[in-house]
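Structure, as structure tokens:
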Amino acid sequence: MLNHDEKQLIKHAWEKVLGHQEDFGAEALERMFAVYPQTKTYFPHFDLHHDSEQIRHHGKKVVTALGDAVRHMDNLSEALSELSNLHAYNLRVDPVNFKASAGQGRGEFPGVRDQPPPFPSLPGVRAVPGAAGSGLPGAEGWSAADTVRFALQLLSHCFQVVLAVHLADEYTPQVHVAYDKFLAAVSAVLAEKYR
């Protein structure tokens, strides 16, 4: 997973996030809803307008949870167990809600309209023959965990864009790689209860 140097890069960059959790979280969620509008189905009860109190509040929760994960990088499963249970069992976030609109196909995902479905090639995502489909184009046969992991990877990608914007030159390729690995691990842990 992460080597010592990558862990240090993550911790150092995280110091720049502290004090901005609500802003960064809201910005990442708003970006995700704009770039991947099908993710709005996870939040049917939210006011999804720019700078809404619900988005800001949830964004702060997301980034605060990531902060817990940063502090417990060596034991993500234990650190995120309660959050994973909350989403899988209490809130019952249904991965089937994450689907493309009927008849819109791959065009629902900006930039992939004329490309082969990219989803099965995502790191850590595997197709499970015979599993319930998510409705995602190219994701036939994905397990529930794969679908949730994919949704979390979309949010992770948006969060990395927010980090890059705010950290500017400090968001080096090395920091990017470290955060990519870290957020993929967080996504995998949060999705594991869906197996």
### Task
Distance check, please: which entries in LYS7/LYS61; LYS7/LYS40; LYS16/LYS40; LYS11/LYS40 exceed 24 angstrom between their Cα atoms?
LYS7/LYS40; LYS16/LYS40; LYS11/LYS40
### Query
Remind me, relative contact order of segment 1-56 in percent, using alpha carbon pairs under 8 angstrom and six or more residues apart?
30 percent
### Task
Rounded to whole Hz and in sequence order, give me ³J(HN,Hα) for segment 16-26 from the Karplus expression 6.51 cos²θ - 1.76 cosθ + 1.60, θ = phi - 60°, writing x for Gly and Pro.
6, 7, 3, x, 10, 4, 5, 5, 5, x, 5
### Query
Along the Cα-to-C-beta direction of ASP51, a point sits 7 Å from the Cα; which residues of segment 1-45 have their amide N less than 15 Å from that point?
23-24, 26-27, 30
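The numbers here are math on the coordinates, done by the rules we state, and not lab data. Predicted, not measured: the structure shown is a model, and the values here were computed from it. Cβ: placed from backbone, ideal geometry, glycine included. Neighbour counts: every protein chain shown.
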